[in-house]
Structure formats: structure tokens, C-alpha cells
1. The conditions are (1) within 17 Å of Lys171 (Cβ to Cβ); (2) at pLDDT 95 or above, and Asn110 fails exactly one of them. Which is it?
2. Here is a list: Ile57, Ile93. Which entry is touching a Pro at 6+ places or on another chain (Cβ under 6 Å), surrounded by 14 or more Cβ atoms within 10 Å (Cβ to Cβ) and aliphatic (A, V, I, L, M)?
3. Taking into account only those residues within the stretch 103-147 that are over 18 Å from the mean Cα position of the chain (by Cα) and of a type in the set (Ser, Thr, Tyr), which is nearest to the ligand (Cβ to nearest atom)?
4. I need the full set of residues from the stretch 179-233 which are assigned to a helix (DSSP H, G or I) and among the aliphatic types (A, V, I, L, M), in order please.
5. Give Leu173, Leu160 a once-over and let me know the one that is near the ligand (Cβ under 7 Å from one of its atoms), closer than 15 Å to Asn197 by Cβ and either of a type in the set (Lys, Arg) or assigned by TED's automatic domain parsing to the domain that holds Gln119 (or both).
6. Looking for something hydroxyl-bearing (Ser, Thr, Tyr), assigned by TED's automatic domain parsing to the domain that holds Phe179 and surrounded by fewer than 19 Cβ atoms within 10 Å (Cβ to Cβ) - is there at least one such residue anywhere in the stretch 64-71?
7. Would you check if Leu246 is outside the structural domain of Pro328 (by TED's automatic domain parsing), closer than 30 Å to Ser42 by Cβ and either part of a strand (DSSP E or B) or not acidic (Asp, Glu) (or both)?
8. Just one of Lys24, Lys41 is among the basic types (Lys, Arg) and buried (at least 17 other Cβ atoms within 10 Å of the Cβ); which is it?
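The values are calculated or read from the model by the stated rules, or taken from the named source; none is laboratory data. Owing to the predicted nature of the structure, the values given are computational and were not obtained by experimental measurement. We place every Cβ from the backbone using ideal geometry, glycine too, and count neighbours over all the protein chains shown.
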Amino acid sequence: MVKISNIKIYENIEDDKIIDLVIKKYKINPSDISNWHIVKKSIDARKKDDVHYNYSINLELKNENKYKKFEKVTKKTLPNIEINNLDKKTPLIIGSGPSGLFAALTMVQNGLKPTVIEQGDAIEKRQEVVNNFRNNGKLNPLSNVQFGEGGAGTFSDGKLTTGIHSPFCSKVLQEFVNFGAPESTLYLAKPHIGTDNLINIIKNIREYIISKGGKFLFNTKAIDFNIKDNKIKSVICTNNGNIFELPATHVVLAIGHSARDTFFKLYEKGILMEKKNFSVGVRIEHLQDSINKAQYGTSTKLKLPPAEYKLAYHSKTGRSCYTFCMCPGGVVIASSSDKNTIVTNGMSNYLRDRQKC
Ligand SMILES: Cc1cc2nc3c(=O)[nH]c(=O)nc-3n(C[C@H](O)[C@H](O)[C@H](O)COP(=O)(O)OP(=O)(O)OC[C@H]3O[C@@H](n4cnc5c(N)ncnc54)[C@H](O)[C@@H]3O)c2cc1C
């Protein structure tokens, strides 16, 4: 397999037609190509009079020796997470945000049958509850923009970018595609899923986990932990006022950052916790059109997605200020999870087709 990088594209062309341009530009015999795929697609808008798409593609060629000018590459294999020493025990996962869902997915891929408990609603019902909050201001502290199946990022932009370089990043992206995200998620420089797509993907992941023997208990909150000799024995749960005990020898706490009452309980139980730094921020609303002009200029004829930006300032005192998460073509929404508190977030659908960001 060979890789061709830095393919500059100045015309509006569908991704699956890129190969025609590559064949022409690099004088490749079409019958030599047995397979091809895009590895990366980004926008280069550094010079406003030279805005273009930049592609890298991998080609599987029959007569590779004819094409020595191209860089040879080998196929990447995705890393697998192997879970050992858990035998056939039923692990308990608390929380069905990204951590809980991926923990459950990894477990069923290893032949385990986890039970996932979630204080909020399943995604279909959660959507109704969130709409009710938005339209009527009625807050459910257990199921809202932050809590419920899919976790805190569900009603956001669904960005899939990270600053870390881990082989597991590709695995996460591949799983999203396996469960319904567009194929381009694998090669866009800044992939995003959008709230509308995420809702289906989360449902697909849940159904797969259930088909492999996993279990989901919604509207079920972990309220206490039964620990003996420094080992977990069971988790006390509540569902609609009914209190019951779930035996457990292995518990994954995938409770996110906003489960304040559960953190108090863990602290009370003497469970070791490590503090993490946090940032405080505000939401700023721009007109999408002004960001597009600032980033892309006005001369390009290319059809480009709604633009975004990232700014950071690092002071000498060690404190920094940075833009955290933009939601191009999105909307600012109320995102409280507690009475008498105010939280705001940005949210966009896959098409990012609203006028603001
Ligand atoms: C407003 C907002 C917007 C964001 N937007 C983005 C974005 O666009 N892209 C991005 O990458 N990241 C975004 N993030 C960050 C991202 O959402 C988090 O990093 C991610 O959700 C963390 O996943 P998690 O599974 O650890 O926790 P969470 O997503 O917080 O999920 C934890 C789950 O556990 C449940 N839970 C908690 N306690 C209990 C209990 N005692 N019993 C039962 N269930 C319990 C909660 O109800 C919740 O559903 C955003 C975060 C916030 C708050």
C-alpha cells in the first residue's frame, strides 16, 4: 500500500470522486488500483487567496514497483483492549455516558455481561425531558442535558477531537462509524457527530450491548456502597423510590464530573479520589457568517463547512485562558442539572446549519 499526501483540491468535488483527480494528476493506471481510502481531509485557509482542501489517501496497488515515487505504508491494525482476570463475573457499571458505554462495549467484546445503571432516562425519553425543560423550564435533576443515557456531551456538538495521541483514538472513531456515524468521521481533521446523529448511535450501541447479554437499568441511581475488608460487595440503588441492593464484585464508576451527590457519598465512604484541575468559562455567541469571513476570507468559491476557531493565551503566572468548545452553526442552550443553578452549553446538529455559533 502507498500513501499520497498533500493533495490540494481547489474545486467542489465529492470525497468518493477524489480518486479520479488523483489518477489524472499522478498518472496512475486505474486498473492498477485494487483499493483506496481517504486517510485525512482538512481545510488549509491560512492564506485567504489560496483556500483549499488538503487530502491524504492510501492506495493499494497491484504493480507497486511501477510507483516507487510514492511513500510505502502498512495497514494499521486497531488496538484491542483485553480484559483479564474477571472470569465470568457480572461487572456493574455506574453511569451511561461515553465512559460507561465504552466500558460496557469493551466488556461485551471480551465476552462479559455487564449491568449498566443510569440515574437518568434512556436516550429516547431523555430527549423528551430535555425538550420539556427547554420549552417549559421544568427541570428533572436526574435526567437532563447533563444526566441520562449518552452523558453530558449528548446535547452538544459531538466533537471527536482530542489533544492526546493514542492508538485508542482510532478505535473510538471506528466504533462510532460501526454504530452509525458517517464514514468521514475516520478521516476528517476535526470530526464531529452532532446531537441528531449521536442519539441514534447511542441507541445502537445500547442495543448491541443488550444483544450480547449486557443489561441496562435506567432511572436507577447508586446511592450507597457496601464495602467490606476494602472490597466492594454490593451497590445500594434506588428506582422511583424503591431501594434495592445489587451484588457486585467489580464496579466501574463512570459517573462523570457533575455527579456531586455521588462524590460526597464516595468521600464519606473513604474511597480514594484524586482531584483534577478544572476550568471555568462563559459562552459567547457569534454570527456564523462573521466567523466564516474571518477564517475563510471572501474570495474562495469552495463550498466550505461552517468555520470554527481556537484561541489560547498562556500567561507567565501559569494561568491560561482558552476557547474550549465551539459549536459552529449551533445554538446556546440552558444545561442545568441542579435547581437554582445556571449552566450554559453550545449544541449543534450534524449539518451545523444554524446562523450562530
Ligand atoms: C455542557 C457540556 C458540553 C460538552 N460538550 C462536549 C463536546 O462537544 N465534545 C466533547 O468531546 N466533550 C464535551 N463535553 C465533555 C464531555 O461531555 C465529557 O468529557 C464526557 O461526557 C465525560 O463522559 P463520562 O462518561 O465520564 O461522564 P458523563 O458524560 O457525565 O456521564 C456520567 C453519567 O453517569 C450518570 N450518573 C452519575 N452518578 C450516577 C449515580 N450515582 N447513579 C447512576 N448514574 C449516575 C449520569 O447521569 C451521567 O449520565 C461537554 C461537557 C459538558 C458538561
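1. Going through the list (1) within 17 Å of Lys171 (Cβ to Cβ); (2) at pLDDT 95 or above, Asn110 breaks only (2).
2. On the way: Ile57 fails: touching a Pro at 6+ places or on another chain (Cβ under 6 Å).
Within the list Ile57, Ile93, the selection yields Ile93.
3. Within the stretch 103-147, the match that is nearest to the ligand (Cβ to nearest atom) is Ser143.
4. Restricting attention to the stretch 179-233, the residues satisfying the condition of being assigned to a helix (DSSP H, G or I) are 183-186, 195-211.
Answer for the stretch 179-233, where residues must be assigned to a helix (DSSP H, G or I) and among the aliphatic types (A, V, I, L, M): Leu186, Leu198, Ile199, Ile201, Ile202, Ile205, Ile209, Ile210.
5. Details: Leu173 fails: near the ligand (Cβ under 7 Å from one of its atoms).
Within the list Leu173, Leu160, the selection yields Leu160.
6. Start the filter on the stretch 64-71 by keeping residues that are hydroxyl-bearing (Ser, Thr, Tyr), which leaves 67.
In the following step, the residues that additionally are assigned by TED's automatic domain parsing to the domain that holds Phe179 were identified as none.
Looking for residues that are hydroxyl-bearing (Ser, Thr, Tyr), assigned by TED's automatic domain parsing to the domain that holds Phe179 and surrounded by fewer than 19 Cβ atoms within 10 Å (Cβ to Cβ), one finds none in the stretch 64-71, hence no.
7. Values: outside the structural domain of Pro328 (by TED's automatic domain parsing): yes; closer than 30 Å to Ser42 by Cβ: no; either part of a strand (DSSP E or B) or not acidic (Asp, Glu) (or both): yes.
Criteria not met by Leu246.
8. Details: Lys24 fails: buried (at least 17 other Cβ atoms within 10 Å of the Cβ).
Result of the check over Lys24, Lys41: Lys41.
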